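Chemist: Before anything else, here's the structure in question.
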């Protein structure tokens, strides 16, 4: 009988984690932090971070930054804003952090990406170029099982 309440609680937690992920997807350009996300679902920030990582394979902050970088990639492909303007438009407060995270996820700095993406996606519909150029989450993370 003790497994039933645990399973029910796990389902409730997963529903709350989906709400957090959906909020990040919607509000990625807003100033979000783990504490505010946790308050929104009545969890501690530590519990939210642990459970989010178990459910989605990365921390809430990592997921937020990935979402911001994905949006920045789309804006860079358009080519009508500077890297600095895009950095702030996607919700980053530091150009250095934005550039570092962008390079980790995409493999090249934002300015290089803009040039390469323009050539690589020329003539492609935007819905196709978005899929083709999507960053691979956790590219920088080591596969589990290795030290």
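Since every read-out is calculated from the coordinates, none of them should be taken as a lab result. Everything numeric here is computed off the predicted structure, so don't read it as measured data. Positions of Cβ are backbone-derived with ideal geometry, glycine not excepted, and every protein chain shown enters the neighbour counts.
Chemist: Could you sort the peptides 6-13, 25-32 by per-residue average Cβ neighbour count (10 Å cutoff), highest mean leading?
Modeler: 25-32, 6-13
Chemist: Here's another thing I want to ask about it. Between residue 54 and residue 88, 0.36 nm times their residue separation minus their Cα-Cα distance comes to what?
Modeler: Value of the extension gain: 9.3 nm.
Chemist: In nm, give the distance between the simple-model label positions of residue 7 and residue 19, each being 7 Å from the Cα along the Cα-to-Cβ direction.
Modeler: 2.4
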